[in-house]
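The values are calculated or read from the model by the stated rules, or taken from the named source; none is laboratory data. Small disclaimer: the values here were computed from a predicted structure and weren't measured. Cβ: placed from backbone, ideal geometry, glycine included. Neighbour counts: every protein chain shown. Ligands, DNA and RNA are excluded from the accessible area calculation, which covers all protein heavy atoms including side chains. Shrake-Rupley method; radii C 1.70, N 1.55, O 1.52, S 1.80 Å.
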Amino acid sequence: AHVARHGTFVTTPQISAERALVKIRTEIEPAGQPVTLLSDVVDAGGKVVASARSSGRDVFEQEVEVREPKLWELNSPAMYRLVSRVMLDGRESDRYEAPFGIREIRVKPDGLFLNGRRIFVKGFNIHHDLGCLGVAAFDRAIERRLEAVKEIGCNGLRLAHNPHAPALLDLCDRMGLLVFDEAFCNWGDLR
């Protein structure tokens, strides 16, 4: 029994300076086996700040509360890790980690709001390739590109036309960049 590929989905629907509600949805494969899912939220220092334990099959819905959360911000992108352990017959059969930030993003008629503050997104579009390096995804080349983006004052990126390397999305989270992840351009279909 194991966590399905891309089988973890973490949201933070309620946040404040005092607490954050973290909702966790985990899909287990193969379907039908009775398992126990242990979920730990771990802060940047390695401390477990919230835990959940559930028994069942297939899909698990869990909620935990993180006290005094460090919010993900553009200039201080605090990250947490969800560590999921699948227990089968009393033994750990899988361990899966998913990074996430505790943040609230809202789009309103008067703008984009991050953690309750209106922000202006400054950025541009990038394609999946790395110029003269081609389409192979070199983590350091991606990081160097994002460092240059931050250095010129950008805080957001639109990813267009082709799927990008997962490392790019992870780096954007860790470096404090907003992302509009558009795998396929469908602007012509808008009527």
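In a fully extended conformation the segment linking GLU68 and ARG85 would gain 3.6 nm over its present Cα-Cα distance, using 0.36 nm per residue.
Partner aspartates and glutamates whose Cα lies under 14 Å from the Cα of LYS47, excluding those fewer than 8 positions away in the same chain, are identified as GLU68. Within straight-line reach of LYS108, meaning a Cα separation under 26 Å, sit the following lysines at least 8 residues removed in sequence or on another chain: LYS23, LYS70, LYS122, LYS150. Of the chymotrypsin sites (Phe, Trp or Tyr not before Pro) found in region 109-179, those in coil by DSSP whose Cβ has at most 16 other Cβ atoms within 10 Å are PHE120, PHE138. When only the Cβ of Lys, Arg, Asp and Glu is charged (+1, +1, -1, -1), the dipole of region 35-139 relative to its Cα centre reaches about 360 debye. Kindly express, to the nearest 10 degrees and within the range 0 to 90, the angle between helix 166-175's C-alpha long axis and the longest C-alpha principal axis of the chain. With both axes taken from Cα atoms, the answer is about 80 degrees. If you plug the beta carbon distance of ALA141 and PHE9 into 1/(1 + (r/R0)^6) with R0 = 25 Å, you get a FRET efficiency near 0.30. Based on the Stokes-Einstein relation at 20 °C and a viscosity of 1.002 mPa s, and on the Kirkwood radius from alpha carbon pairs, region 1-94 is assigned a translational diffusion coefficient of 154 µm²/s. Once the Cα-Cα distance is subtracted from the 0.36 nm per residue extended length, the ILE119 to ARG19 segment shows a gain of 33.7 nm. The residue list ALA52, VAL22, PRO109 was ranked by how far each Cα lies along the charge dipole of region 1-148 toward its positive end, using unit charges on Cβ atoms, and PRO109 comes out on top.
Comparing mean-square fluctuations of PRO69, PRO30, PRO109 from a GNM of the chain with C-alpha springs under 10 Å, the top value falls on PRO109. Computed over the chain, relative contact order equals 17 percent, with contacts defined as Cα pairs under 8 Å that lie 6+ residues apart. Residues TYR96, TYR80 ordered from highest to lowest accessible area at a 1.4 Å probe: TYR96, TYR80. Report summary: the helix-based calculation at 222 nm, which adds -39500 (n - 2.57) for every DSSP H run with n ≥ 4 and divides by the residues of the chain, gives -3500 deg cm²/dmol. Within the shell of other residues whose beta carbon sits under 12 angstrom from the beta carbon of PRO34, the net charge comes to -1, with Lys and Arg scored +1 and Asp and Glu -1.
Candidate values (1) 8, 29, 31, 24, 7, 0; (2) 9, 29, 33, 19, 8, 2, 0; (3) 8, 20, 21, 17, 14, 11, 7, 2, 0 were compared with P(r) over Cα pairs in 10 Å bins from 0, in percent computed on the shown model; the agreeing label is (1).
Relative to the dominant Cα principal axis of the chain, helix 139-151 is inclined by about 60°. Please identify the GluC sites (Glu not before Pro) of region 66-160 that satisfy two criteria: DSSP loop assignment and at most 15 other Cβ atoms within 10 Å. Which are they? Counting only loop positions with at most 15 other Cβ atoms within 10 Å, the GluC sites (Glu not before Pro) in region 66-160 are GLU73. Simple spin-label estimate for SER93 and SER54 gives 1.7 nm between the two label positions (7 Å along the Cα-to-Cβ direction from each Cα).
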